[in-house]
Number of protein chains: 2
Amino acid sequence: MSARVVIGLNAVVTALEGGDPHVLCVRREEGWGLPYGAFDPARHRTFELGMRDFVTGQTALQLGYVEQLYTFGDEGREAPLASFRGGEASDRVVSVGYLALSPVAGETGRSDAAWRGWYEHFPWEDRRPYARDGLEEAILPALRDWAGGDRARRARLDLAFGLTEPGWQEERALDRYELMYEAGLVPEAARDAGEAAEGLPGTGPAMTSDHRRILATAIGRLRGKLRYRPVIFELVAEEFTLTDLQDAVEAILGFCVHKQNFRRAIEASGLVEKTGAVAARTGGRPAALYRRAPGGPSGVGLTLPRLRREV
Amino acid sequence: MSARVVIGLNAVVTALEGGDPHVLCVRREEGWGLPYGAFDPARHRTFELGMRDFVTGQTALQLGYVEQLYTFGDEGREAPLASFRGGEASDRVVSVGYLALSPVAGETGRSDAAWRGWYEHFPWEDRRPYARDGLEEAILPALRDWAGGDRARRARLDLAFGLTEPGWQEERALDRYELMYEAGLVPEAARDAGEAAEGLPGTGPAMTSDHRRILATAIGRLRGKLRYRPVIFELVAEEFTLTDLQDAVEAILGFCVHKQNFRRAIEASGLVEKTGAVAARTGGRPAALYRRAPGGPSGVGLTLPRLRREV
DNA sequence: ACTAGATATACTCTAGTTGAGCAATACCCT
DNA sequence: AGGGTATTGCTCAACTAGAGTATATCTAGT
């Protein structure tokens, strides 16, 4: 009989909190990881139902928008999970990653669960001016070192980090992480090689197993999706000001957009309508409150007016 | 002990032949289906390796570009496959779909395998003027019937088939297929309900299991990818004329693009370079031959100059 | 009450992109 | 030589996206 296969479900549950995207994490001996549940075909008709079930079972959260990310089946990735629920050492653990969005980073209801900021684990993905990552100072030099005279490596580096033509593409988060992994900069690289886990400063703390890879996949996917699906509304409250919306977008994208043009695009898109009320805010002219337009287009994303010159 | 899980691998192997995209299919009692192989964790380190292995094992083809599509785990979908390799009736068959591209629709080396045109199974996806699908005449009226006064259904219909604002979006092939399935128009709908399998004329022949859904996923994914990754070169010969390239693009997209603007975009993209030679062609001015530019950008797709007015 | 500071909102300007079409060119065939 | 056919070069207008300027409306502080 062939080796058994166990299906694991990993959820990247994301919500905004304090102007930054956060992800629901669980504390294990080896460090922070994504919530994980084994898929039981006897109990669940679909992966998605199984995933919702184990997340709401383990935390007090209700999931809204959910989407499948990728299925990870590489040998070797299961080792850190072998101790889990019914998995035996000889089993192959295949994991189906899901992205789930929630408008609030609510109470998790577990002492070993917590919301962790995306950019704690991916400092280099936050290009907003106030966030100072060590990209230019530490990471890029190390990557250039690693690439050396190798043409292929150089091309991948240029593409992933936007050093040449199309520039920085926010959705290439996975490319960037994998490059850093290959170059041995992130602590996971040493850890998986069985060495003492020491990463380059500024590359963020490791997560268990390949969970940081899954999170990078989620970040890239969500960023890409913003452009052609109105997913951003899954992450904000019912009523919001255009600045709220812009802050949410910028938090996800990791860079700033042009304020006036952003508003112009949003208002022209037909995605939102004014509630009539205004926000009670501190300082400044009060902003009009908006909500999602009921009959608005669902097949349209946001135009994201990039800033070319640095602010 | 919980029910066992078997991982199946499904490959959508696509190549262009005679100006139309084709997919490698295998003949079974129930009809045409995608090549399928069980994943054996003892033998293969990754899904992709397993997939390459079973395809080259079952046919004489070498796969080039490969990408994971989606993992299908719904209960019920395995029934038609229960007879397969080691699968027992009580097992849950989960299938990981892959898309693979090949520049030539070569000999399959199997008598029960054949290349089938995408648009034989998806007539409505070919909007090129010479292809006459029954979309307007038969499918849309039936869908409108099905939607009736239901707002949500109506909105999905408008979006999927581009009846309102953003218009026809070629990458929504899966949305369209699923809508037609729900509306009971495709033969699979009746078949899966246990009734005699009769589909609306013009909805194409069924494929085994949910393989037409997997194919629709592949079509949508590939169409979307054209815009931001130079995948089209995986489908044409080493040397090609710009018209060859355009024909390939139009075949995948299922609609025509503006010739002069297409050339302008391609030439400006830096993706190709002239070989210096010209094509020996029938009739007309001979076209310059191009090849992919070696140092060209890899993170860039094609601008696809849509035709607004019908030709 | 008035002012400074802060934010929201309304417009304008400009360069680049995109959809569209015209016209010239280069080959084959009869 | 001339018709047929396809390639190639070029122009134009409409639209889009990035950027900047100006004005409106609030709070907080004096």
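Of all residues in segment B:260-274, which are surrounded by 14 or more Cβ atoms within 10 Å (Cβ to Cβ) and not acidic (Asp, Glu)?
B:ASN261, B:PHE262, B:ARG263, B:ALA265, B:ILE266, B:SER269, B:LEU271, B:VAL272 - these are the residues of segment B:260-274 that are surrounded by 14 or more Cβ atoms within 10 Å (Cβ to Cβ) and not acidic (Asp, Glu).
Check A:VAL6, A:VAL93 and return the single one that is more than 20 Å from the chain's Cα centre (by Cα), part of a strand (DSSP E or B), more than 8 Å from every other protein chain (Cβ to nearest Cβ) and at pLDDT below 90.
Unique residue meeting the criteria: A:VAL93.
Does A:VAL257 satisfy being near DNA strand D (Cβ under 8 Å from one of its atoms) and within 20 Å of the chain's Cα centre (by Cα)?
Yes.
Considering every residue within segment B:71-83, establish whether at least one is within 17 Å of B:LEU16 (Cβ to Cβ) and either at pLDDT below 85 or within 14 Å of chain A (Cβ to nearest Cβ) (or both).
no
Are any of the residues in segment A:276-294 more than 14 Å from chain B (Cβ to nearest Cβ), within 8 Å of DNA strand C (Cβ to nearest atom), open to solvent by 70 Å² or more (accessible area, probe 1.4 Å) and outside any loop (DSSP other than H, G, I, E, B)?
yes
Within segment A:124-197, which helices (runs of 4 or more DSSP H) (wholly inside it) include 2 or more residues that are within 14 Å of chain B (Cβ to nearest Cβ)?
Those helices (runs of 4 or more DSSP H) span A:151-160, A:173-182.
Between A:ASP112, A:ASP20, which is modelled with pLDDT of 85 or more, touching a Lys or Arg at 6+ places or on another chain (Cβ under 8 Å) and away from chain B (no Cβ under 11 Å)?
A:ASP112
So the check is Cβ under 8 Å with 6+ separation or different chains; which pairs have a first residue in segment B:162-186 that's under 18 Å from B:PRO141 (Cβ atoms) and in contact (Cβ under 8 Å) with a residue 40 or more places away in the chain and a second one that's of a type in the set (Lys, Arg) and assigned to a loop (DSSP other than H, G, I, E, B)?
B:TRP168/B:ARG127
Only one of (1) within 18 Å of the chain's Cα centre (by Cα); (2) within 14 Å of chain A (Cβ to nearest Cβ) fails for B:SER298. Which number is that?
(1)
Could you give every pair whose Cβ atoms fall below 6 Å, whose first residue belongs to segment A:197-213 and is free of Cβ contacts under 8 Å to residues at least 24 places away in the same chain and under 18 Å from A:LEU143 (Cα atoms), and whose second residue is in a loop (DSSP other than H, G, I, E, B) and open to solvent by less than 30 Å² (accessible area, probe 1.4 Å), counting only separations of at least 6 or pairs across chains?
A:GLY199/A:VAL186
Kindly provide the set of residues from segment B:207-249 that are touching a Gly at 6+ places or on another chain (Cβ under 6 Å) and under 28 Å from B:VAL93 (Cα atoms), ordered by number.
Hits for segment B:207-249 are B:MET207, B:THR208, B:HIS211, B:ILE214.
Just the residues that are small (Gly, Ala, Ser), surrounded by 24 or more Cβ atoms within 10 Å (Cβ to Cβ) and at pLDDT 95 or above, please, taken from segment B:170-228.
Passing the criteria: B:ALA173, B:ALA216, B:ALA218.
The values are calculated or read from the model by the stated rules, or taken from the named source; none is laboratory data. Keep in mind that what you see is a predicted model, and the values were worked out from it rather than measured. Note: ideal-geometry Cβ built from the backbone for every residue, glycine included; neighbour counts use all protein chains shown. These area figures cover heavy atoms from the full protein model, side chains too; ligands, DNA and RNA do not enter into them. Shrake-Rupley method; radii C 1.70, N 1.55, O 1.52, S 1.80 Å.
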